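Participant: One structure follows; several queries about it will come next.
The values are calculated or read from the model by the stated rules, or taken from the named source; none is laboratory data. Because the structure is a prediction, the values reported are computed rather than measured. All Cβ positions, even for glycine, are placed from backbone atoms using ideal geometry, and neighbour counts span all protein chains on display. Side chains are part of the model used for accessible areas, which takes the heavy atoms of the whole protein and leaves out ligands, DNA and RNA. Shrake-Rupley method; radii C 1.70, N 1.55, O 1.52, S 1.80 Å.
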Amino acid sequence: MHIHIQNRPNDHFVPLTADLVQKVTADSGHRFTISDDDAGFGSAMPTAEVLVTTADQLHARFPHAAPRLKAAFLKHAGVDSLVANNPLPPAVILLNNSGAHARKAGEYAQMATLMLRAGMHKLMSQQRKHLWQPHFTSTLAGTRITILGVGGLGSAAAKSLRPHGVQLTGIRNSPKPHSDFDETLPVAELDSVLPRTDILILTAPLTPSTRKIIGARQFKLLPIHAGIINIARGELIDEPALIKALEDGQIAGAILDVTTTEPLPIGDALWDAPNLVITPHVAATDITTYAAETLRILLDNLDDITCGRKPRNLVDLQRGY
């Protein structure tokens, strides 16, 4: 099978290099080509059966003649930019690399939860004001944590936090039990669990139903000591409502790894919101393993296709993930 990898030009985000591809896929029996320019893409498309790239490259390069193309495999998990506008030919299936992020995302969720419980958001705000004001906290044991999104990221977050003796509630599309959580509830019951939530972690994909799912009403339902962590998509939160909730003391703090606009503009009000920690979309990328793990997930899906099985990373754009 001919697999073509189209990297972004001057890609600094886990480019799939020739050396790495050779190392990971040498025994796969597939033929790989790699490019980061128009000429390489154009020469590969007449025979490529699988295209490995990013959503922005799909938007930039299609429509394009690709007579043998069967599948497009994304080097990332999020597909929200393709839900409203999928430029691929109708017969081409879409796959993502869901699973490559789990371990790193779980560690970040654990770190961020510990930071909120230790009051680091408050201490960092005090530091910027040159204030020496002791703030004493307790351990994580008994903390009530609600995780919105019980997929790979949510499960990884739950696994990383379980050893601390926390209470874990998962919010998903159905109340089907999940082994990593003490209880699971449908999304319709989110508001009912917020008053008993100490830490809310967002790990859900961005879909029409999750866009701004956390807004002014939800902030009012949370206890005033509660904190929020977002490692999913910035659009899950109504950001002006978050700023107001932090300024009014409706919640204690927040840690965001994602924002609605990325990079976050210099003049954005989020930068100066009290008790807010912002990281630049780094929560789920392990720089030492991400690219190799992406290739291994690709090979697993190619095996599925070759054997006539449903690919394990098949994306359903109607669901949004």
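Participant: In this structure, does Val52 turn out to be outside any helix (DSSP H, G or I), modelled with pLDDT of 95 or more and over 22 Å from Arg233 (Cα atoms)?
Facilitator: It is true that Val52 is outside any helix (DSSP H, G or I), modelled with pLDDT of 95 or more and over 22 Å from Arg233 (Cα atoms).
Participant: Within segment 253-307, track down each residue that is open to solvent by 70 Å² or more (accessible area, probe 1.4 Å) and more than 17 Å from the chain's Cα centre (by Cα).
Facilitator: Ile266, Gly267, Trp271, Asp272, Thr288, Arg296, Asp303, Thr306, Cys307
Participant: Also, quick follow-up: Residue check: is Ser155 open to solvent by 40 Å² or more (accessible area, probe 1.4 Å) and touching a His at 6+ places or on another chain (Cβ under 8 Å)?
Facilitator: Taking the combined requirement at face value, the residue does not satisfy it.
Participant: If you check Leu148, Leu200, Leu222, which single one turns out to be among the aliphatic types (A, V, I, L, M), in contact with a helix residue (DSSP H, G or I) (Cβ under 8 Å, 6 or more places away or on another chain), surrounded by 14 or more Cβ atoms within 10 Å (Cβ to Cβ) and touching a residue at least 60 places away in the same chain (Cβ under 8 Å)?
Facilitator: None of the others qualify; the one that does is Leu148.
Participant: Of all residues in segment 215-239, how many are over 14 Å from the mean Cα position of the chain (by Cα) and under 19 Å from Ala158 (Cβ atoms)?
Facilitator: 3
Participant: Hey, another quick one. Output the number of residues of segment 78-101 satisfying the condition of being within 12 Å of the chain's Cα centre (by Cα) and open to solvent by 30 Å² or more (accessible area, probe 1.4 Å).
Facilitator: Number satisfying all stated conditions: 3.
Participant: Give me the pairs, please: first residue somewhere in segment 132-143 and surrounded by 11 or more Cβ atoms within 10 Å (Cβ to Cβ), second residue anywhere and part of a loop (DSSP other than H, G, I, E, B) and hydrophobic (A, V, I, L, M, F, W, C), beta-carbon distance under 8 Å, and either six or more positions apart or on two chains.
Facilitator: If the second residue must be part of a loop (DSSP other than H, G, I, E, B) and hydrophobic (A, V, I, L, M, F, W, C), the pairs left are Thr137/Ala118; Leu140/Val166; Gly142/Val166; Thr143/Val166.
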